[in-house]
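Have a look at the structure below, then the notes.
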Amino acid sequence: MGFSILLPIRVFQATFSIVIIGLSGFVAHWYNTNTAYLPPSPISFLLFCGVYSLLSVLYLGLVSKLFPKTANPYAVLSLEITNLLFWLAGFASLSVFLSKLLFCRGSVCGAARADVGIGACLFVSWIVTVALLARDAIRSGGFEGFRNHVGFLRHRRSGSGTHHRSPSRGSMVGMSAKHPMPLPTAMTTKKEGGYSQVSLA
């Protein structure tokens with residue numbers, strides 16, 4: 001059992017998802033208490049992205065590890081792709097919203113700009129994990145790679161370092177398919193006027 005490269009990536013995703021929740025929550029709270037308007041939709045969406053991403057990391061890194069039966073390949077694939085798309089839409093929409101403002105100053109604007117930067121970084125991190133998922137799937141030839149993808153640790157397959165070769169065709173000479181007992185190395189055939197011995201060696 002060895003540490004996977006996913007460990008630092010999952011820690012990064014969980015940590016900065018919490019940061020996004022805090023920053024977006026701060027901006028939303030300011031709007032609710034200082035204006036008569038609801039928070040901008042990109043802020044609300046990034047708040048959702050942070051919660052969704054945090055729950056996804058908990059499933060991919062902890063729940064699936066403690067309860068392996070819950071590591072459904074389709075769920076793993078869905079979480080990876082939806083997180084990637086959500087973060088792309090989230091940071092892009094907030095960036096466009098901020099670019100259309102006439103002015104943007106103060107702590108609230110700074111928190112919103114930080115949301116954009118961190119959201120972009122999280123988008124890149126999910127690209128990396130999707131790429132690792134694809135690599136594992138290609139190497140394993142299917143959904144087995146998805147199961148290897150979950151969890152902070154990866155278990156080496158038992159006996160992965162040893163390869164058992166099947167007996168070659170040459171070593172099967174003198175063996176019967178129906179009767180696995182060795183056949184005699186010589187046999188006798190009846191001929192007119194006597195017997196002759198035929199060697200099988």
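The values are calculated or read from the model by the stated rules, or taken from the named source; none is laboratory data. Bear in mind that the values here come from a model prediction, so they are computed numbers and not experimental data. What goes into the accessible areas is simple: the full protein's heavy atoms, side chains included, and nothing from ligands, DNA or RNA. Shrake-Rupley method; radii C 1.70, N 1.55, O 1.52, S 1.80 Å.
Extension gain, ILE5-VAL96: 0.36 nm per intervening residue step, less the Cα-Cα distance, totals 29.4 nm.
Accessible surface of segment 1-55, 1.4 Å probe: 76 percent of it comes from carbon and sulfur atoms. Within segment 1-131, the proportion of C-alpha pairs whose separation exceeds 20 Å stands at 45%. Among the protein heavy atoms, those of TRP30 account for about 100 Å² of accessible surface (1.4 Å probe, every chain in place).
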